[in-house]
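The values are calculated or read from the model by the stated rules, or taken from the named source; none is laboratory data. The model shown is predicted, which means the values in this text are computed figures rather than measured ones. Note that we place each Cβ from the backbone using ideal geometry, even for glycine, and neighbour counts take in every protein chain shown.
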Ligand code: GDP
């Protein structure tokens, strides 16, 4: 037998780093929940990012750890101003957030930017953009920017973003932006987790032409007509007047706040500080009249029930008896042999027995 030579250790070709840092973080050895919590409370962006990756993971052991981290962060959360920002693609959301973010940082604030992007679950592509957005802001220590989680349903994506808010607050970010595109249903999800809702519009085209639904205009606490610069300035001023007139026709809001319409330019910076002053006004008024707290409680109530629905649905879908019978009952309903209600009753009955 030939003598085996000891295998030589070669240094090998250096491997490039993972293209997806979040994935890389996930492969890293997991730490105990308390370490993540301590890191987050100490303001570590790295541990915060890794913990959010755990929230986004579907693996049961990651989920369990994520829930323990959230629990540890919960007592330190809730103290930020949560601002929902929506607008059609191209309205200038990332440019606006970049400009407003610099303004907030200059005032000594700390800002986290999260997103809910409905497209990432449908097409795996992203309307909010996979391109590196808000580069200047991202490089600042006082800012934390996280793209939208990918997920199978809007409900799932929204839950992950809501949980990420808790972690960001525990990490000391006093302002949280939750960004989305105002063309689907995601803005309703954002509205259900934001204190203040800002709609960014383009001058010169009606909101319907921009794909913005009427319901979204009604949700807005501030409409900012962006790109109010150069030759678009007169158009922007006209749009401001039109929206002011339109908002007058709406019934008063339960918040006691009269929604405002302003113009701004995210590229020149004109009107950015003024837009933020409106948000601060809102904060003052709704904290004084009790709406801020009332709304937070109503949101917690809503999310409790959302979570119950999601957990029940997941348990139902995972139930062995249900899985076995589902196809045949579906078929019987499609063929008209069984009513949908009878079919549901039978399946839910199986689930409850199981
Ligand atoms: P998003 O899709 O809503 O995030 O929009 P972006 O921030 O990517 O902006 C879309 C385009 O509009 C970019 O080319 C920006 O440079 C441009 N843009 C954004 N804000 C303004 C603005 O205030 N004035 C002008 N003239 N262009 C802007």
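Touching a helix residue (DSSP H, G or I) at 6+ places or on another chain (Cβ under 9 Å), modelled with pLDDT under 95 and either surrounded by fewer than 24 Cβ atoms within 10 Å (Cβ to Cβ) or farther than 23 Å from residue 301 by Cβ (or both): is that true of residue 159 in this structure? Judged against the criteria, residue 159 is a match. The requirement of being part of a helix (DSSP H, G or I), touching a helix residue (DSSP H, G or I) at 6+ places or on another chain (Cβ under 6 Å) and either loosely packed, with under 14 Cβ neighbours inside 10 Å or free of Cβ contacts under 8 Å to residues at least 24 places away in the same chain (or both) is not satisfied by residue 54.
Let's see how each residue does on (1) at pLDDT 90 or above; (2) touching a strand residue (DSSP E or B) at 6+ places or on another chain (Cβ under 8 Å); (3) farther than 21 Å from residue 251 by Cβ:
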position	(1), (2), (3)
172	yes, no, yes
183	no, no, yes
211	no, no, yes
221	yes, yes, no
224	yes, yes, yes
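Scanning segment 333-352 for residues that are in a helix (DSSP H, G or I) and without any contact (Cβ under 8 Å) to a residue 24 or more places away in the chain gives 333, 334, 340, 341, 342, 343, 344, 345, 346, 349, 352.
Checked against the criterion of being at positive phi and touching a helix residue (DSSP H, G or I) at 6+ places or on another chain (Cβ under 6 Å), segment 210-225 contains not a single residue that satisfies it.
Pairs linking a residue in segment 209-228 that is part of a helix (DSSP H, G or I) to a residue that is modelled with pLDDT under 85, with Cβ atoms under 6 Å and 6 or more positions apart or on different chains, are 216/182; 216/187; 217/207. Would you confirm whether or not segment 296-304 contains a residue that is outside any helix (DSSP H, G or I) and under 27 Å from residue 261 (Cβ atoms)? The answer is no; no qualifying residue exists. Output the number of residues of segment 99-116 satisfying the condition of being part of a helix (DSSP H, G or I) and either surrounded by fewer than 23 Cβ atoms within 10 Å (Cβ to Cβ) or away from the ligand (no atom under 14 Å from the Cβ) (or both). Residues flagged as part of a helix (DSSP H, G or I) and either surrounded by fewer than 23 Cβ atoms within 10 Å (Cβ to Cβ) or away from the ligand (no atom under 14 Å from the Cβ) (or both) within segment 99-116 amount to 5. Of all the residues in segment 231-262, those that are in contact with a strand residue (DSSP E or B) (Cβ under 6 Å, 6 or more places away or on another chain) and assigned to a helix (DSSP H, G or I) number 5. Just one residue in the set 246, 266, 279 is within 16 Å of the ligand (Cβ to nearest atom) and surrounded by 14 or more Cβ atoms within 10 Å (Cβ to Cβ); that residue is 266.
Picking from residues in segment 82-96 that are surrounded by fewer than 24 Cβ atoms within 10 Å (Cβ to Cβ) and within 23 Å of residue 166 (Cα to Cα), the one that is nearest to the ligand (Cβ to nearest atom) is 94. Selection of segment 229-249 for residues being without any contact (Cβ under 8 Å) to a residue 24 or more places away in the chain and farther than 21 Å from residue 97 by Cα yields 231, 234, 241, 242, 244, 245, 248, 249. In segment 264-284, the residues that are more than 16 Å from residue 177 (Cβ to Cβ) reach residues that are part of a loop (DSSP other than H, G, I, E, B) and more than 16 Å from the ligand (Cβ to nearest atom) with C-beta atoms within less than 9 angstrom, at least six apart or across chains, in these pairs: 281/257.
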